[in-house]
Amino acid sequence: MRRKLAALLLAATRPTNALRVPGALGAAAQTYARCMDKAPLATKAATSAVIFGASDACAQKLERVKEPDATRLLTTTAIGGLYFAPAAHVWYAQITRLIPKNGLKEILTKALLGQIFFGPLVTIVFFAAACAQGEGLSTLPAKIKADLLQVQIAGAGFWPFVDLISYAFIPIAYIPLFVNCASFV
């Protein structure tokens, strides 16, 4: 199992035609890799929008809302495609440029910086969207003061591990996809 996973992860760092995953999953992986080769940011934006939207649709189902909130769904989808994808694209490229090595110390440093800077910024964007849909953006500073630390503490049992796995095993270009999938959890 470890060898198969390592082979898949290694294959993702090679050119598109070297990606070898069997069956329909392989065809999807090949198509995705070709799209990443041709238009990486557009591919990440589309992927993030779809996954963020699907995640919110599932969350609304789990919340058993009587009538799905289309505004919330569209807002979440837009945050994924228009904010998260470009921000993640830049963040992961820059953090890797600033800390190019991938030893344990460097991986831990990248993960720590992500928890200090990138994670809170993403959370604040979600807070801003919620405030804009509710009582207005003027309530954002109070929302940040009241909830940001608690949200970060709640995520501390999950997101640092996602970061560690990302930096240790996932090619930089594919980290946003991995993080999107993790956020669905």
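In the stretch 118-143, the residues that are without any contact (Cβ under 8 Å) to a residue 60 or more places away in the chain form Cβ pairs under 9 Å with partners that are assigned to a helix (DSSP H, G or I) and of a type in the set (K, R), at six or more places apart or across chains, as follows: I124/K143; F127/K143; A128/K143; A129/R72; A130/R72; A130/K143; C131/K143. From the residues in the stretch 118-164 that are outside any helix (DSSP H, G or I) and under 20 Å from T76 (Cα atoms), which one is most open to solvent (accessible area, probe 1.4 Å)? It comes out as E135. You will find that of A46, A42, the residue that is open to solvent by 20 Å² or more (accessible area, probe 1.4 Å), at negative phi, assigned to a helix (DSSP H, G or I) and touching a residue at least 12 places away in the same chain (Cβ under 8 Å) is A46 and no other. Sort through Y167, Y174, Y83 and tell me the only one that's open to solvent by less than 20 Å² (accessible area, probe 1.4 Å) and either touching a Lys or Arg at 6+ places or on another chain (Cβ under 6 Å) or not hydrophobic (A, V, I, L, M, F, W, C) (or both). Exactly one of Y167, Y174, Y83 is open to solvent by less than 20 Å² (accessible area, probe 1.4 Å) and either touching a Lys or Arg at 6+ places or on another chain (Cβ under 6 Å) or not hydrophobic (A, V, I, L, M, F, W, C) (or both), namely Y167.
When you scan the stretch 86-105, do you find a residue that is open to solvent by less than 20 Å² (accessible area, probe 1.4 Å) and closer than 23 Å to C35 by Cα, even just one? Yes, some residue in the stretch 86-105 is open to solvent by less than 20 Å² (accessible area, probe 1.4 Å) and closer than 23 Å to C35 by Cα.
From (1) basic (K, R); (2) closer than 18 Å to L164 by Cβ; (3) open to solvent by 60 Å² or more (accessible area, probe 1.4 Å), pick out the condition that doesn't hold for K66. Checking K66 against (1) basic (K, R); (2) closer than 18 Å to L164 by Cβ; (3) open to solvent by 60 Å² or more (accessible area, probe 1.4 Å), the one that fails is (2).
The values are calculated or read from the model by the stated rules, or taken from the named source; none is laboratory data. For clarity, every value in this text was computed on a predicted model and none was experimentally measured. Neighbour counts run over all protein chains shown; Cβ positions are idealised from the backbone, glycine included. To get the accessible areas, we keep the full protein, side chains included, count just its heavy atoms, and leave off ligands, DNA and RNA. Shrake-Rupley method; radii C 1.70, N 1.55, O 1.52, S 1.80 Å.
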